[in-house]
Amino acid sequence: DDVGHGQNAMLALQRRQDRQFVASAALLATNPSLRSAMATARVEGRPGDPANGSASDHPDVERTVRRELERVAPDLGSDLVATTDEQGHVVAAFVVPDSDGTSRGAPATGADLSRLAALRHALDPALDGGPSELYLSVLRVGDSYFHIAAVPMVVDGFTIGTVILGDRLDEAHL
């Protein structure tokens, strides 16, 4: 039947787009400049980590990672680009500004995203691999919603955090 065939085609297309979304995040996780900035953040102390002081104690760490996110964001076509540490706390995030120049919906530095299924999967080395849908979640920040892909950032065999790409699900962007 034509309706069933059309639905199957749409599902196949959505699965392919999801795989490409996760693959884009995985490609970003291999970016040498971003990996270097995240490795530096790990050594100098994570923003928002009480053991290392507040985010305001490490403004250079967040600024360096955020600058790199801002630099790569235009080429990605996603609304949100962020990184977390190995505990799932936001190191830096960048949201592409709206048409009026307002950037809204970025998760705060130090925000705990570890409860998101995609981040739990990305941060657990025992769960490495698997279908792309395991790396997908919906993130809510205030009134903003993002469909996200979260993948591990691995340096020298150790997961040092995640890279997150997000597409807005807000009414104005659908």
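Scanning residues 5 or more positions from residue 155 or on other chains, those with amide H under 5 Å from its amide H are 160, with H placed 1.01 Å from N in the peptide plane. Ordered from highest to lowest accessible area with the whole protein assembly present and a 1.4 Å probe, 62, 44 read as 44, 62. What figure, in Å² to the nearest 10, do you get for the accessible area of residue 38 with a 1.4 Å probe and non-protein molecules left out? Roll a 1.4 Å probe over it and residue 38 shows about 0 Å². Using a probe of 1.4 Å, the accessible surface attributed to residue 67 totals some 130 Å² when neighbouring protein chains are kept in position. For residue 89, nonlocal amide neighbours, meaning residues 5 or more places apart or on other chains whose placed amide H falls under 5 Å from its own, are 113. Taking the centroid of alpha carbons for each part, the range 63-135 and the range 3-41 are 13 Å apart.
Among 38, 78, 144, whose Cα projects farthest towards the positive end of the dipole of the chain, with charges put on the beta-carbon of Lys, Arg (+1) and Asp, Glu (-1)? So the residue furthest toward the plus end is 38.
The GNM of the chain, with springs linking C-alpha atoms under 10 angstrom apart, assigns the highest mean-square fluctuation among 134, 80, 119 to 134. About its Cα centre, the dipole of the chain is roughly 240 debye, where the only charges are +1 on Lys and Arg Cβ and -1 on Asp and Glu Cβ.
Each residue of the range 14-21 is assigned a 3J(HN,Hα), and the resulting list reads 4, 4, 5, 4, 4, 4, 5, 5 Hz, derived from the Karplus form 6.51 cos²θ - 1.76 cosθ + 1.60 (θ = phi - 60°), x at Gly and Pro. For residue 170, the residues whose modelled amide H falls within less than 5 Å of its own, excluding neighbours fewer than 5 places apart on the same chain, are 145. Compared with the direct C-alpha span, the chain from residue 44 to residue 11 gains 7.4 nm at full extension, assuming 0.36 nm per residue. Taking the Cα centre of the range 84-162 as reference, the dipole from Cβ charges on Lys and Arg (+1) and Asp and Glu (-1) amounts to some 180 debye. Across 106, 41, 23, mean-square fluctuation computed from a Gaussian network of the chain (C-alpha pairs under 10 Å connected) peaks at 23.
The values are calculated or read from the model by the stated rules, or taken from the named source; none is laboratory data. The structure presented is a predicted model; accordingly, all values stated were derived computationally and were not measured. Glycine gets a Cβ as well: all are built from the backbone with ideal geometry, and neighbour counts include every protein chain shown. To get the accessible areas, we keep the full protein, side chains included, count just its heavy atoms, and leave off ligands, DNA and RNA. Shrake-Rupley method; radii C 1.70, N 1.55, O 1.52, S 1.80 Å.
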